Amino acid sequence: MKAPYASDPARTRGRRVQEEESTFRSCFQRDRDRIIHASAFRRLKHKTQVFIEHEGDYFRTRLTHSIEVAQVARTISGALGLNAELTEAVALAHDLGHPPFGHTGEDALSALMAPYGGFDHNAQAIRIVTHLERHYADFDGLNLTWETLEGLAKHNGPVTGEIPWALKAYTAQHDLELDTFASAEAQVAAISDDVAYNHHDLHDGLRAELFSTDELAQLPILNACFAEVDRLYPGLNYYRRRHEALRRFFGVLVEDVIGFAQERLADMEPASVDDIRHAGRTIIRFSDDVFCDLKVIRSFLFDRMYRAPSVVVMRAEVTKIVQELFPYFMQHPDQLPKQWRKDVEEAATETDLARIVSDYIAGMTDRFAIQEHERLIGKAS
């Protein structure tokens, strides 16, 4: 049974372009399906999470990360009586706007785009699903429901202050009410992102041998997880031991979010999804104690993984690739693929051209960016 504050597909605010609805799928399920079939979603297979895609077959990519986020989101959504299809749609699409090479690529592209309005991966996700996916006869983008678009735009909270140009351009035509919080479903997608990467970054860091199991066992939350495994399975194989501890850590995070959300919802007694939007605070989040413990774990990951010497070296190499591809295409827009040249012909200003080039580079996979750089400019050194 759905909670009164769950998003109801029967009460959707609809799509920007009106369509006949499916006879056997809800509008949110249809959104999820369109996202899964989108070109940008498939490209996540070859986009960086932390390690560059070609560095190893076992490390998470943006695609596997997004699938893990969706799995967590469905679990939490179900426990809270929310709409699982909307939650999953937002979870699967939340990273569509990431350029190649993860946050390193975003930092490089953001600096290059500073004179032209900047670059933000959340705003780019909106641009992809409303404009850049061009497969349907009746519209550009995926023509997703208002609720899914709202979730993509605001899953991290209200968008205030200087609004990214891509988001501002779209909301001028289709108001997503950026100054309010998003639905509970979108908030679940956001916290599920945190759950997923806090778990799998530890796993990938161990696999990359950037830190040891013994070091992990000293961290908050994890120390209790390892202690429980050692109590239940004394002498357990090294790899099974760390897997058992990490899956317990995963469970602690999920259970904390569900329990804390249930407490906040019981105190608040929201009667509708709009009560969640106008609550003035994030409802779906970690408890204060777990949040403080996670700050310690995030600090450990930052020092030992995200800024590990081998990762820093690779960051410098891929930053150079983005830094050199951008001015090359600005000077040689004729080198863009044929399907992009009509947009180039219609570009009236340098800013228009820069945004086309940014869209193109942001859509590249890691391997394609490396290959194009080598083909057009020369192998990165």
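Values in this text are rule-based calculations from the coordinates and carry no lab data. These numbers come from a predicted model, not from an experiment. Note that we place each Cβ from the backbone using ideal geometry, even for glycine, and neighbour counts take in every protein chain shown.
Quick notes on this one:
- Förster-model FRET efficiency, 25 Å R0, His332 and Asp352, C-beta, rounded to 0.05: 0.95
- Here each label is just a point 7 Å from Cα along the line to Cβ, and for His103 and Val312 those points are 1.6 nm apart.
- Lys-Lys pairs in the chain that are eight or more residues apart or on separate chains and whose Cα atoms lie under 25 Å of each other come to 14.
- Extension gain (nm, one decimal) between Ser272 and Tyr238, 0.36 nm per residue minus Cα-Cα: 7.4 nm
- Cleavage-rule hits (GluC sites (Glu not before Pro)) in the range 188-253: DSSP loop, at most 13 neighbouring Cβ within 10 angstrom: Glu209
- Difference of contour (0.36 nm per residue) and Cα-Cα distance, Phe291 to Met1: 101.4 nm
- DSSP-loop trypsin sites (Lys or Arg not before Pro) across the range 55-145, with at most 12 other Cβ within 10 angstrom: Arg134
- Placing R0 at 25 angstrom, the Cβ-Cβ distance between Ala114 and Arg298 gives a FRET efficiency of 0.40 after rounding to 0.05.
- Stretched out straight at 0.36 nm per residue, the stretch from Ala227 to Lys342 would grow longer than its current Cα-Cα span by 35.3 nm.
- Once both labels are positioned 7 Å from their Cα atoms along Cα-to-Cβ, the gap between Gln218 and Glu255 label points is 2.7 nm.
- When the chain is treated as a GNM with alpha-carbon contacts under 10 Å, the residue of Gly205, Gly280, Gly141 showing the greatest mean-square fluctuation is Gly280.
- Axial C-alpha extent at least 30 Å, average Kyte-Doolittle at least -1.0 - helices from the chain (DSSP): 184-207, 238-268, 309-331
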